[in-house]
Amino acid sequence: MTDTQVVLCGYYGAGNGGDEALLASMLEILPPNVKPLVLSANPQETTARYGVAAVDRKSLGVYKAFRSSQALILGGGSLIQDATSIQSALYYGGLVGLAKQLGLQVIALGQGVGPLNQQITKWVAERAFGSCNALSVRDKASAFILQEWSISCMMAPDPVWNLAAVDLPGLADLPTPRIAITLREHPDLTSDRLQVLTQALIELQKATSSWIMIMPFQPSDLAIAQQVQAQISEHSQIIALSDPRQLKGAFRGVHLAIGMRYHSLIMAAAEGCRCFALSYDPKIDQLMEELKMPGWQVANIPPDKDQVLTAWLQQFQQGEPLAEKCLTELQIKTRIHKELLAAALNNKS
């Protein structure tokens with residue numbers, strides 16, 4: 001069977017644990033006759049870690065990659081959005097436009113649509129997703145937006161639910177029980193709110209005699225991790241990992257995971273953790289609703305550390321991990337992405 005070369009794009013090679021997990025998930029579901037060429041912010045690192053060809057995502061090599069490929073795959077995540085700026089939407093929308101101009105199939109898998117606050121990004125999103133030969137989204141809100149635009153799609157859980165985790169060396173030697181926390185900088189996470197969370201975490205550690213694992217998911221999370229860890233240093237450890245499979249595996253044996261990062265909550269829930277969400281984005285709101293996961297909007301974190309402590313203690317003591325039946329159903333449903341991809345690549349029309 002002749003190999004098919006595809007260009008695989010997302011926010012890859014930038015050190016974001018969630019996006020690296022999406023890349024690893026995409027590589028796991030590619031048909032055996034498909035040869036990926038990954039657009040990456042760090043192509044050398046991507047090639048070394050995954051054993052695939054990669055080119056700089058902002059170089060002229062992108063055009064050359066398209067000319068030698070048969071399809072473009074948008075590989076998971078909220079790629080076309082304007083939460084921070086319109087640059088992301090214009091970049092990925094531009095890739096879709098170039099791919100269609102050069103006659104490539106465009107396949108978008110596990111997409112989160114939006115947020116889309118500006119008219120130009122709404123136009124770019126509608127045009128890009130409307131150009132897809134095959135399209136799957138990861139949540140009901142995204143499906144609803146596409147439905148309003150009369151764009152058909154499949155819906156399936158985020159691909160990272162089914163990512164194969166690997167054991168983190170030395171994890172079993174850490175004290176138990178363990179609490180993992182993942183924070184990120186955000187305008188709503190003010191210094192006062194961060195201090196409330198930190199003080200509540202200190203009290204939670206004392207009340208449960210837990211070991212605190214502070215887990216930055218990308219380099220920009222490290223400063224806030226260090227700030228928190230400095231106050232509970234003798235009972236905590238910063239665990240910064242670049243391998244997404246190890247990152248997911250690090251949640252094995254964690255009793256409670258407190259997370260701002262979307263994929264930290266998916267990884268934790270998939271590995272049997274009790275979870276508590278701190279939401280700054282609609283995608284986390286969706287996850288909380290679908291899984292009945294407790295949590296707060298970051299802007300609505302209680303100002304009283306004792307109220308935060310009470311909520312965390314309740315989840316630590318009485319919360320339940322995701323039911324095995326529910327987890328199995330989620331993992332089975334993620335196969336929709338794989339089936340959709342295989343069908344699209346086999347469609348020569």
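Things worth noting here:
- Test result for A207, in a helix (DSSP H, G or I), surrounded by fewer than 16 Cβ atoms within 10 Å (Cβ to Cβ) and not basic (K, R): yes
- I145 farther than 26 Å from A299 by Cα and either assigned by TED's automatic domain parsing to the domain that holds L109 or polar (S, T, N, Q) (or both): no
- Taking each residue of segment 117-144 that is over 17 Å from P159 (Cβ atoms) and without any contact (Cβ under 8 Å) to a residue 12 or more places away in the chain and looking for partners that are surrounded by 15 or more Cβ atoms within 10 Å (Cβ to Cβ) and among the aliphatic types (A, V, I, L, M) with beta-carbon atoms closer than 7 Å, six or more apart or interchain, yields K122/L116.
- E148 fulfils the conditions (1) buried (at least 20 other Cβ atoms within 10 Å of the Cβ); (2) modelled with pLDDT of 95 or more; (3) of a type in the set (D, E) except for a single criterion, (1).
- In segment 145-159, residue farthest from A269 (Cα to Cα) [restricted to those that are free of Cβ contacts under 8 Å to residues at least 12 places away in the same chain and of a type outside the set (D, E)]: S150
- The condition of being in a loop (DSSP other than H, G, I, E, B) and either at pLDDT 95 or above or among the basic types (K, R) (or both) does not hold for S85.
- The conditions of being loosely packed, with under 14 Cβ neighbours inside 10 Å, of a type in the set (S, T, Y) and not assigned by TED's automatic domain parsing to the domain that holds G51 are met by S220.
- Helices (runs of 4 or more DSSP H) enclosed by segment 232-293 - at least 1 residues per element that are outside the structural domain of P115 (by TED's automatic domain parsing) and of a type in the set (K, R): 244-249, 282-291
- Any chance A54 is part of a strand (DSSP E or B) and of a type outside the set (K, R): yes
- Within segment 167-195, the set of residues being in a loop (DSSP other than H, G, I, E, B), touching a residue at least 12 places away in the same chain (Cβ under 8 Å) and loosely packed, with under 15 Cβ neighbours inside 10 Å comprises D167, P175, T176, P177, E185, D188.
The values are calculated or read from the model by the stated rules, or taken from the named source; none is laboratory data. Just so we're clear, the structure is a prediction, and the values are computed from it rather than from any experiment. Quick reminder, even Gly has a Cβ in these numbers, built from the backbone with ideal geometry, and neighbours come from all protein chains shown.
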